[in-house]
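K.L.:
Okay, here's the structure, questions in a sec.
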Amino acid sequence: MSGGAPGRHGARARRPEPAALARMPGSPGPLLTGVVVLILLVAAVLVQLVGGGASKVRAVTDAVRSAELVCPAPAVRGAGTAATVTLSARPPGDDAPRLGSAVVAEVGGVAAPRIKVSKAGTSRVDVTTSQAAAAVIRGQEGLAPGLAAELVEVTTAGPGTGLSTVACTAPGSTAWFVGASTAAGRSDRLVLANPDAAAASVDLYFWDEHGKLDVPNATDIAVPPNGSVSLPLEGMSAGHQRLAVQVSLTRGQVSAALHDTDAPGIDVRGSDWLAPAARPTRRVVIPGLPDHTADRKLEVLVPGDTDAIVHVRLLGRDNDFAPAGADTLEVRAGQVSEYDLSKADPNGAYTAVLTSDQPLVAAVRSVALAHTVSDLAWSTAAAAITTPAAVPDARGGAAGSTRLLLAAPDGPATVRVDVYTNSGTPHSTTVSIPAGRSLVVDPGPKGLTRYSVVVVPITGTTYGAALLRVGDGLSVSALVPSRVAVRTPAAVPDVTAVTAGRRGR
């Protein structure tokens with residue numbers, strides 16, 4: 001028989017209802033019952049905390065298991081351009097081999113063969129993309145920590161003649177560019193790539209030498225799923241001598257880069273990519289002002305509403321000094337300002353350090369000379385090298401020349417420079433940088449034509465850039481600290497959730 005046992009009169013015994021139970025003589029009231037339960041719960045939590053029980057979750061640091069980088073489509077297309085995407089990865093630590101893989105795919109196209117490594121170290125792989133497609137690199141397991149990639153374009157004919165390089169970056173929520181132009185002879189393009197299967201959109205904000213601009217059709221710009229768009233800036237707002245652009249993500253994922261070509265008439269000055277700044281800051285370090293230049297211009301934007309006082313210092317090999325005529329700058333808010341740094345020794349390489357009382361973005365535009373041919377080189381703001389930073393496509397001998405510019409603006413610093421070939425066996429050198437100085441280092445042993453470089457911080461704070469020359473072209477890429485680990489914060493039981501739950505009843 002289902003149910004309870006029959007009572008004395010053959011009827012089924014009924015259990016008292018909770019309300020009736022609460023009214024039984026000698027039974028605790030609902031308030032007392034709740035207090036007892038709460039005391040027991042709090043006591044259990046305290047026992048776990050004091051005893052270090054399973055409810056306490058400690059902070060955990062683990063290697064990154066997946067990574068994604070996006071490279072823009074080559075800016076100059078045609079028979080005179082050779083474009084190569086090179087990737088490298090350096091798992092943290094050299095003593096524990098880890099399997100890993102990476103897939104290089106054209107955005108909107110097909111995937112290249114899967115790349116695998118079975119030991120720690122750097123694997124350098126060149127992938128020649130089509131001249132119309134951006135590329136996305138996805139690393140898993142052993143090829144996720146330290147994943148780095150860059151696009152190198154060598155153009156030998158036409159208005160875009162020169163060397164252009166840019167680091168491939170993870171999609172972000174905002175990107176800032178300062179130093180573009182839509183004046184006569186300048187041809188600048190903003191390239192937006194969406195590696196995701198969902199649609200994305202961005203809003204664009206513009207400033208010129210006179211102030212903030214009201215540009216039509218600059219909001220809710222769609223970037224199609226697994227696709228990219230290339231926006232000629234002169235088509236959006238022409239006739240501006242100096243421009244700054246903010247890309248603000250409103251939906252999805254987007255990676256942004258800006259390409260600058262300077263070719264007034266038959267006088268081709270060159271071309272280069274501008275890397276984005278993450279956000280305006282009060283201190284900006286720009287490593288990689290190249291040597292043997294004919295012209296250097298500092299471009300600055302203070303996007304807020306308050307004018308800024310900016311102090312500028314240049315760090316060289318032998319000294320640390322304020323540039324003549326540009327040591328202390330009064331920068332008007334909301335205007336793109338330009339300052340001449342050409343009075344510093346044109347044969348020296350420098351790092352610029354800007355300290356401001358208002359957040360700003362800045363970059364340096366150099367015109368480099370090789371024989372009678374010129375080329376543009378943009379030097380952009382860099383973050384401190386707190387984790388290993390890679391140069392995936394370093395060159396030597398007949399392939400070109402790669403040099404590192406390493407700066408220590410905050411005190412003496414030491415780094416280890418590891419050179420990798422496809423064999424995975426590194427050649428290592430320790431470099432010490434004096435306080436307030438910039439050193440130019442040739443990392444490649446003689447005989448190497450293509451290799452990768454990884455700069456590993458040891459002591460102090462270092463900033464860096466790679467100076468690449470191919471033929472008569474020059475390009476500068478800031479060293480980007482890689483994402484090698486992810487940290488899960490500690491968690492402890494929170495009794496307020498229990499008390500809140502009891503109060504809500």
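The values are calculated or read from the model by the stated rules, or taken from the named source; none is laboratory data. Keep in mind the model is a prediction, meaning the values are calculated, not measured. Every residue, glycine among them, receives a Cβ derived from its backbone with ideal geometry; neighbour counts consider all protein chains shown. What goes into the accessible areas is simple: the full protein's heavy atoms, side chains included, and nothing from ligands, DNA or RNA. Shrake-Rupley method; radii C 1.70, N 1.55, O 1.52, S 1.80 Å.
K.L.:
Starting from the 7 Å offset along Cα-to-Cβ, what nm value, one decimal, do you get for the label separation of residue 311 and residue 330?
P.N.:
Here the modelled spin labels are 1.8 nm apart.
K.L.:
Follow-up question, since we're still on this one. Carbon and sulfur together cover what percent of the accessible area of region 360-402 at a 1.4 Å probe radius? Provide the component values of the computation, followed by the final result.
P.N.:
Values: 760 of 1240 Å².
Ligands and nucleic acids excluded, carbon and sulfur give 62 percent.
K.L.:
Can you give the accessible area per residue of region 371-439, in Å², using a 1.4 Å probe?
P.N.:
Values: 2470 Å² over 69 residues.
It amounts to 36 Å² per residue over region 371-439.
K.L.:
In the neighborhood of residue 442, defined by Cβ-to-Cβ distances under 14 Å, what is the net charge if each Lys or Arg adds +1 and each Asp or Glu adds -1? Provide the component values of the computation, followed by the final result.
P.N.:
Working: positive: 317, 395, 403, 446, 469; negative: 291.
It works out to a net charge of +4.
K.L.:
Let me ask something else. Ranked from highest to lowest mean number of other Cβ atoms within 10 Å per residue, what is the order of the peptides 213-226, 269-282, 184-197?
P.N.:
On the way: 213-226: 14.2, 269-282: 22.1, 184-197: 20.6.
Most protected by this proxy first, the peptides run 269-282, 184-197, 213-226.
K.L.:
Taking all protein chains together and a probe of 1.4 Å, list 428, 248, 255 from the most accessible to the least accessible. Each step should come with its number before you reach the end.
P.N.:
Details: 428 65, 248 30, 255 10 Å².
In descending accessible area the options line up as 428, 248, 255.
K.L.:
Once you charge only the Cβ atoms, +1 for Lys and Arg and -1 for Asp and Glu, what is the size of the charge dipole of region 304-448 about its Cα centre, to the nearest 20 debye?
P.N.:
On the way: 10 positive and 15 negative charges, 125 e Å.
Once rounded to the nearest 20, the dipole reads 600 debye.
K.L.:
Would you mind working out the accessible area per residue for region 127-262, using a 1.4 Å probe, and quoting it in Å²?
P.N.:
Numbers: 4670 Å² over 136 residues.
Value for region 127-262: 34 Å² per residue.
K.L.:
Shape call for region 323-417 from the C-alpha gyration tensor, a ≥ b ≥ c root eigenvalues: rounded (a/c under 1.5), prolate (a/b greater than b/c) or oblate? Intermediate results must be reported in sequence, preceding the final value.
P.N.:
On the way: a/c = 2.01, a/b = 1.27, b/c = 1.58.
Here region 323-417 falls in the oblate category.
K.L.:
Could you check the simple spin-label distance between residue 292 and residue 174, using points 7 Å along Cα→Cβ, in nm with one decimal?
P.N.:
Placing both labels 7 Å along Cα→Cβ, they lie 4.0 nm apart.
K.L.:
Could you tell me the calculated FRET efficiency between residue 338 and residue 282, based on Cβ-Cβ distance and R0 = 35 angstrom, to the nearest 0.05? Could the numbers behind the result be given before it?
P.N.:
On the way: r = 20 Å, r/R0 = 0.58.
So, using R0 = 35 Å, E works out to roughly 0.95.
K.L.:
Per-residue counts of other Cβ atoms within 10 Å, averaged by peptide: what ranking do you get for 160-172, 408-420, highest first?
P.N.:
Working: 160-172: 23.1, 408-420: 19.9.
Ranked from most to least packed, the peptides come out as 160-172, 408-420.
K.L.:
So, one more: Tally Lys and Arg at +1 and Asp and Glu at -1 over the other residues with C-beta under 9 Å from the C-beta of residue 342: what net charge comes out?
P.N.:
Neighbourhood net charge equals +1.
K.L.:
If I take R0 = 25 Å and measure r between the Cβ atoms of residue 416 and residue 84 in this structure, what FRET efficiency does the formula 1/(1 + (r/R0)^6) give, to the nearest 0.05?
P.N.:
On the way: r = 27 Å, r/R0 = 1.08.
That pair, residue 416 with residue 84, gives E of 0.40.
K.L.:
Just the number, please: carbon plus sulfur as a percent of the accessible area of region 227-302, 1.4 Å probe, no ligands or DNA/RNA counted.
P.N.:
49
K.L.:
Residue 161's amide H: which non-local residues (gap 5+, or another chain) put their own amide H closer than 5 Å, with H modeled 1.01 Å from N in plane and none for Pro or chain starts?
P.N.:
Amide H neighbours of residue 161, under 5 Å, 5+ apart: none.
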